[in-house]
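The values are calculated or read from the model by the stated rules, or taken from the named source; none is laboratory data. Because the structure is predicted, anything quoted here is derived from the model rather than measured. Cβ coordinates were reconstructed from backbone atoms using ideal geometry, including for glycine residues, and neighbour counts include every protein chain displayed.
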Amino acid sequence: MGHFDETIQVSTIYSGKLRRYNQLPLLQQMLHLRTIVFPNIRDMFLVIIGFVQSLVKLLIWRPDVVFTKGGFVCLPIGYAARLLRIPLVIHDSDAHPGLTNRLLAKGATAIGTGAPLRFYPYPLAISHYVGVPVVADFAPYSDERRRQVKQQLGFNPVRPLIVVTGGGLGAQRINMAVANVLSELLEHTNVILISGEGGYDEMRSLTPQGDDRYQLHAFVSKGMADMLGAADVVVTRAGATTILELAALAKPTILIPNAYLTGGHQLKNAAVYAEKGAVSILDEKDLDKNPSLFVDEVCNILADKNRQQSMAAAFHEFAKPHAARDMATLILDAARRP
């Protein structure tokens with residue numbers, strides 16, 4: 001967990017989300033009364049309550065600008081800012097804009113995006129491709145630096161290293177794919193699996209412990225940049241921040257998007273980078289049926305130095321090392337407007 005600045009005031013509001021699932025037809029969704037329909041009705045009222053709360057807070061605070069990052073909690077505060085004519089600045093990390101950002105964009109003063117502008121329906125006059133802010137530690141590693149970090153991690157420094165992570169919460173289907181093919185993977189490469197807290201015990205029971213070619217971690221709070229930087233190939237989900245961290249590292253990457261998330265945004269995130277040859281994509285359903293696809297793709301990339309270099313170069317073109325500064329400039333400019 002990152003350091004929290006206790007001088008920053010935190011205030012909460014009620015809000016709610018619209019539950020909808022990309023792989024489930026609308027009619028089937030309507031039949032899920034307890035898990036979709038009724039919670040959506042309840043959350044509609046929570047949004048209204050949150051809007052009133054936001055109006056009161058903004059009237060008391062009288063801010064010069066409101067900044068939102070998307071997500072359902074931003075909708076009430078964004079609409080309150082628009083009603084009170086307070087400048088509203090949005091940042092959209094995903095290549096596919098979510099519902100909240102699409103609704104708020106109509107009244108925004110400025111919009112920053114994580115991917116090139118052609119992937120968004122936003123007005124070009126107020127939109128700026130700034131990228132996604134990432135920690136400065138995420139920068140390309142030299143071959144020598146990668147060997148040093150591999151050794152520090154306890155691996156043979158001349159052997160390839162694969163890092164597999166499903167994100168902060170892990171990904172059960174990716175974990176199982178690794179467990180199914182781990183013995184074959186270890187014939188070719190060292191492996192780090194970051195399973196997530198919820199999957200750690202299961203993976204510990206399914207995978208060998210004490211093998212110096214393999215490490216299992218529930219979560220990595222410090223040294224993630226080193227771990228990813230040392231890897232020859234990274235296998236991960238297609239969350240926007242993770243993708244841009246790997247782009248900053250210029251890391252050959254295999255993405256396994258979660259197709260079930262709202263709006264299919266991970267599928268669309270992955271497609272942006274695959275279009276330029278910057279990443280490889282594995283379909284989760286295909287992987288369930290044939291886990292050996294995992295090994296095949298890892299070995300294909302490891303065996304082709306030219307492909308590794310071209311993927312790394314294409315991916316690094318998406319890196320925006322000044323994203324935080326550029327986004328801050330947009331916010332400050334909006335606050336200064338008369």
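Since SER127 meets every condition but one in (1) at pLDDT below 95; (2) among the hydroxyl-bearing types (Ser, Thr, Tyr); (3) over 22 Å from ARG237 (Cα atoms), which condition does it not meet?
Unmet for SER127, out of (1) at pLDDT below 95; (2) among the hydroxyl-bearing types (Ser, Thr, Tyr); (3) over 22 Å from ARG237 (Cα atoms): (1).
In the range 278-293, which residues are farther than 11 Å from LEU255 by Cα and of a type in the set (A, V, I, L, M, F, W, C)?
LEU287, LEU293
Can you find a residue in the range 70-88 that is over 22 Å from LYS268 (Cα atoms), in contact with a Gly (Cβ under 7 Å, 6 or more places away or on another chain) and part of a helix (DSSP H, G or I)?
yes
Check the range 156-175 and report whether any residue there is modelled with pLDDT of 95 or more and closer than 29 Å to ASP92 by Cβ.
Taking every residue of the range 156-175 in turn, at least one turns out to be modelled with pLDDT of 95 or more and closer than 29 Å to ASP92 by Cβ.
Of the conditions (1) modelled with pLDDT of 85 or more; (2) farther than 23 Å from ILE243 by Cβ; (3) of a type in the set (A, V, I, L, M, F, W, C), ILE111 clears all except one; give me its number.
(2)
So, ASN290, is that one modelled with pLDDT of 95 or more and either outside the structural domain of GLY114 (by TED's automatic domain parsing) or within 23 Å of PHE138 (Cα to Cα) (or both) or not?
No; evaluated as a whole, the condition is false for this residue.
Is it true that some residue in the range 48-57 is under 26 Å from HIS322 (Cβ atoms), touching a helix residue (DSSP H, G or I) at 6+ places or on another chain (Cβ under 9 Å) and of a type outside the set (A, V, I, L, M, F, W, C)?
No: zero hits.
Yes or no, residue by residue, for (1) surrounded by fewer than 20 Cβ atoms within 10 Å (Cβ to Cβ); (2) of a type in the set (A, V, I, L, M); (3) assigned by TED's automatic domain parsing to the domain that holds VAL235:
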position	(1), (2), (3)
ASN175	no, no, yes
VAL178	no, yes, yes
GLY199	no, no, yes
ARG204	yes, no, yes
ASP211	yes, no, yes
VAL220	yes, yes, yes
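Search the range 259-276 for residues being modelled with pLDDT under 85 and assigned to a loop (DSSP other than H, G, I, E, B), and hand back the single one that is surrounded by the fewest Cβ atoms within 10 Å (Cβ to Cβ).
The selected residue is TYR260.
Quick check on the range 220-233: of everything there that is of a type outside the set (Val, Ile, Thr) and not in a loop (DSSP other than H, G, I, E, B), which residue is nearest to ASP137 (Cα to Cα)?
Step one: list which residues in the range 220-233 are of a type outside the set (Val, Ile, Thr), which gives 221-232.
Still in the list and also not in a loop (DSSP other than H, G, I, E, B): 224-230.
On the way: MET224: 9, ALA225: 6, ASP226: 8, MET227: 11, LEU228: 11, GLY229: 9, ALA230: 13 Å.
Across the range 220-233, the extreme among qualifying residues is ALA225.
Being in a loop (DSSP other than H, G, I, E, B), closer than 21 Å to ASP64 by Cβ and either small (Gly, Ala, Ser) or under 17 Å from the mean Cα position of the chain (by Cα) (or both) is the filter here; which residues of the range 91-132 pass it?
Our first condition is that a residue be in a loop (DSSP other than H, G, I, E, B); within the range 91-132, this holds for 93-98, 108-109, 114-116, 120-123, 130-132.
Then drop every residue that is not closer than 21 Å to ASP64 by Cβ, which leaves 108-109, 130.
ALA108, VAL130 - these are the residues of the range 91-132 that are in a loop (DSSP other than H, G, I, E, B), closer than 21 Å to ASP64 by Cβ and either small (Gly, Ala, Ser) or under 17 Å from the mean Cα position of the chain (by Cα) (or both).
Being of a type in the set (Asp, Glu) and more than 22 Å from the chain's Cα centre (by Cα) is the filter here; which residues of the range 171-210 pass it?
GLU184, GLU187, ASP201, GLU202
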